[in-house]
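Here's the structure we're looking at; comments come further down.
The values are calculated or read from the model by the stated rules, or taken from the named source; none is laboratory data. Owing to the predicted nature of the structure, the values given are computational and were not obtained by experimental measurement. Note that each Cβ is placed from the backbone with ideal geometry, even for glycine, and that neighbours are counted across all protein chains shown. For the accessible areas, the whole protein counts, side chains as well, though only heavy atoms, and no ligand, DNA or RNA atoms are used. Shrake-Rupley method; radii C 1.70, N 1.55, O 1.52, S 1.80 Å.
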Amino acid sequence: MAIIEEINDLLPQTQCKLCGYQNCMGYAQGIVDDDAALDLCPPGGEPTRVSLAAKMGITLSSERVLLPVPKRFFALIDEGSCIGCTKCLAECPTDAIIGAKARVHTTVEKWCTGCGLCVPVCPVDCIEIKDKSDVAKNSLSSKTARQRYERHLQRLEKKYENTFEQTYVTFDRSSKEEMRSIIKAAVARKNTKEESVYEPGT
Ligand code: SF4
Ligand code: SF4
Ligand code: SF4
């Protein structure tokens, strides 16, 4: 395995761009080809910095912890405010957001890395990043995050026209029913919220 691939394997695959590179692979290339600093990955935290140094044969000059222990986050969409513009769909590296154009969108939490890339593109500011320690949720493994990101890139390249089909094409057929039930639950939550603010006669 090429050294760049080995370095990429050590990275958390959040694809968040916080390191200043386009994705984790870009940072791996930067480390190998351009001597990029080893402490540029906040999602990986100190453990990643230490493993990168070991892989590159670099002795860390200080025992001081430069990065905090990584925390896990996920995106929570306020379904009552979502206008279904679909902007977040293209932005999400792991295709963790589902929904059809002009309909409510929601996050599939088991696929969300908490990278935060969906937040700035939302025109109505209805996506919030939450700390996963607040709730008991499974974390996406770096291997699965990477696979989902690679599929996301392939999907963008194909540029499907139909947004609804575009959403489902990223899922295995076996998970289609699960996706339908997640959307159904999101719509139900949105409807409940709308009913609760409805005031007859106003
Ligand atoms: S997870 Fe780390 S290496 Fe990957 S894009 Fe984010 S900051 Fe860069
Ligand atoms: S839903 Fe948002 S925070 Fe979660 S992986 Fe996708 S872009 Fe990142
Ligand atoms: S960007 Fe915001 S408003 Fe648009 S679909 Fe996503 S969550 Fe909904």
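Brief remarks on what is shown
- Considering region 136-172, and only residues there that are at pLDDT below 50 and loosely packed, with under 11 Cβ neighbours inside 10 Å, the residue that is nearest to LEU11 (Cα to Cα) turns out to be ALA136.
- Some residue of region 117-132 being open to solvent by 80 Å² or more (accessible area, probe 1.4 Å) and at pLDDT below 90: no
- If only residues of region 81-95 that are within 16 Å of ligand 1 (Cβ to nearest atom) and in contact (Cβ under 8 Å) with a residue 40 or more places away in the chain are counted, the one that is farthest from THR107 (Cα to Cα) is PRO93.
- Of the residues making up region 11-48, those that are away from ligand 2 (no atom under 16 Å from the Cβ) and either closer than 17 Å to LYS71 by Cα or under 15 Å from the mean Cα position of the chain (by Cα) (or both) number 6.
- The C-beta contact set for region 111-136 (first residue near ligand 2 (Cβ under 7 Å from one of its atoms) and assigned to a strand (DSSP E or B), second residue modelled with pLDDT under 90 and of a type in the set (Phe, Trp, Tyr), distance under 7 angstrom, 6+ apart or interchain) comprises ILE129/PHE73.
- Some residue of region 32-52 being assigned by TED's automatic domain parsing to the domain that holds GLU150 and under 16 Å from LEU11 (Cβ atoms): no
- Helices (runs of 4 or more DSSP H) lying entirely in region 1-104 (those with 2 or more residues that are loosely packed, with under 15 Cβ neighbours inside 10 Å, more than 16 Å from ligand 3 (Cβ to nearest atom) and on the phi < 0 side of the Ramachandran plot): 3-10, 24-34, 45-56
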